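Just so you know, all these numbers are worked out from the coordinates, no wet-lab data involved. Treat the numbers as computed from the prediction; the structure is a model and nothing was measured. Here the Cβ positions follow ideal geometry from the backbone for every residue, glycine too, while neighbour counts run over all protein chains shown.
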Amino acid sequence: MISAERIRTLADGARMPLLGLGVWQVPNGEQGVNAVRWALELGYRHIDTAQAYGNEESVGRALRDSGLGRQEVFLTTKFYPGHRDPEAEARRSLERLGVEYVDLYIIHWPQGGPTWAWPGMEAAKAAGHARSIGVSNYSVAELEQVLSAASTPPVVNQVQFSPFEARRRLLAACTAREVVLEAYSPLGTGRHLADRAVRRVAERVGRTPAQVLLRWCLQRGTVVIPKSTHRERIEENGRIFDFELSDEELGALDALDRTNGTDRAREQKWW
Ligand code: A2P
């Protein structure tokens, strides 16, 4: 079981569990419902979905079926920036999810520029649709533009992050601005699990490669949202609070960075 104490307090005072289940590429329907159901049974209290994933209904179904109170689970969804109105789209998300509010609502990527959607995000928060608001796939420059235009600043920047995509300057800038960095694709969508250096550290600490990659994220100060549709993997990914990587092991993983300590959120943009 994952301890409820494993939380991060955001700049707006909200409490965000350090570990969540990410459901990118999890199909709507039985698979999606099962993944979220298992995660909640295994002690996860944080689920990360998005309008673009098309699986908010399944997330909502599993949440209702779990019998957990709404306030016990930290729920994130993301504004799809191909649409125009973040506040209206938040209401549609709430209908699909079958909840009164999400804990965190973030702009999925800065399509069309980093600032145009922010007033709508603030409106979604003011209307009570979201407790906290943030961004995703924002570089330092893009984050700064939002921060200087915002009445309510973003409290999270969710980006691709792992020892191989360590984005050191982006992490430092987020930390300095009280924006929590949330790591997506922490396993490199599975690709980093077979890496020799990762396996070596895993053998040394008697853990799995997935646990080592996730633990590295925690010790580097991020929230982390691994994805899996397999119960035993969801469980394995949850067992990351009962061991520590030494400075030497962290250093061996830091050496894998291929971004040259970048301040960017992506090497290539898809938008
Ligand atoms: P699956 O969903 O079939 O279990 P990321 O979180 O970086 O996006 O990585 C997700 C990918 O890694 C998925 O393909 C997932 O497969 C796989 N995965 C997740 N956890 C584990 C694990 N503990 N061991 C092996 N593969 C995993």
- prompt: Which of Val223, Val140, Val36 moves most in a GNM of the chain, Cα contacts under 10 Å?
  reply: Val140
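Which loop GluC sites (Glu not before Pro) in the stretch 1-74, with loop taken from DSSP, have no more than 16 other Cβ atoms within 10 angstrom of their Cβ?
Sites meeting the loop and neighbour criteria: Glu5.
Would you please classify the overall shape of the stretch 224-271 from the alpha carbon gyration tensor, given that a ≥ b ≥ c denote the square roots of the eigenvalues, rounded means a/c under 1.5, and beyond that prolate means a/b larger than b/c while oblate covers the rest?
Values: a/c = 3.38, a/b = 1.23, b/c = 2.74.
Here the stretch 224-271 falls in the oblate category.
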message: As an exercise, use a Förster radius of 30 Å and the Cβ-Cβ distance of Asp85 and Thr229 to find the FRET efficiency, rounded to the nearest 0.05.
response: 0.40
- line: Karplus-derived 3J(HN,Hα) from phi for the stretch 66-79 (6.51 cos²θ - 1.76 cosθ + 1.60, θ = phi - 60°), whole Hz, x at Gly and Pro, runs 5, x, 6, x, 4, 6, 7, 10, 8, 10, 10, 10, 10, 6
field: Restricting the stretch 178-230 to GluC sites (Glu not before Pro) in coil, as DSSP defines it, with at most 15 other Cβ within 10 Å
entry: Glu178
message: Which of His46, His83 has the fewest other C-beta atoms within 10 Å, and how do the rest follow up to the most?
response: His83, His46
task: Kindly provide the GluC sites (Glu not before Pro) of the stretch 93-139 that DSSP labels as loop, not H, G, I, E or B, and whose Cβ sees at most 11 other Cβ atoms within 10 Å.
output: Glu100
query: GNM, the chain, Cα, under 10 Å: largest mean-square fluctuation among Gln25, Gln211, Gln160?
result: Gln25
task: Would you mind getting me the FRET efficiency between Ala197 and Asp242? Use the beta-carbon distance for r and R0 = 25 Å, nearest 0.05.
output: 0.65
field: Mean ellipticity per residue at 222 nm, deg cm²/dmol - from DSSP H runs of n ≥ 4 across the chain, formula -39500 (n - 2.57)
entry: -11000 deg cm²/dmol
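Specify whether the C-alpha gyration tensor of the chain places it in the rounded, prolate or oblate class, a ≥ b ≥ c being the square roots of the eigenvalues: rounded for a/c under 1.5, otherwise prolate if a/b is larger than b/c and oblate if not. Each step should come with its number before you reach the end.
Values: a/c = 1.78, a/b = 1.19, b/c = 1.49.
In terms of gyration-tensor shape, oblate.
Determine how many Å³ per residue the convex hull of the Cα atoms of the stretch 37-167 encloses. List each step's numbers first, then the result.
Numbers: hull volume 14.4 nm³, N = 131.
Roughly 110 Å³ of hull volume per residue.
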Sorted by Cβ density within 10 Å, fewest first, the residues Phe79, Phe74, Phe164: Phe164, Phe74, Phe79
query: Given the options Gly98, Gly60, Gly251, which has the most mean-square fluctuation in a GNM of the chain, springs set between C-alpha atoms less than 10 angstrom apart?
result: Gly251
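Can you tell me the length gained on complete extension of the stretch Trp24 to Ser151, counting 0.36 nm per residue apart and subtracting the Cα distance? Don't skip to the answer; put the middle values down first.
On the way: separation 127, 0.36 × 127 = 45.72 nm, distance 3.02 nm.
42.7 nm is the gain from fully extending Trp24 to Ser151.
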- prompt: How would you rank Asp48, Asp254, going from fewest to most other Cβ atoms within 10 Å of each one's own Cβ?
  reply: Asp254, Asp48
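Rounded, prolate or oblate, given the Cα gyration tensor of the stretch 149-271, with a/c below 1.5 counting as rounded?
On the way: a/c = 1.72, a/b = 1.55, b/c = 1.11.
Prolate, since a/c reaches 1.5 and a/b exceeds b/c.
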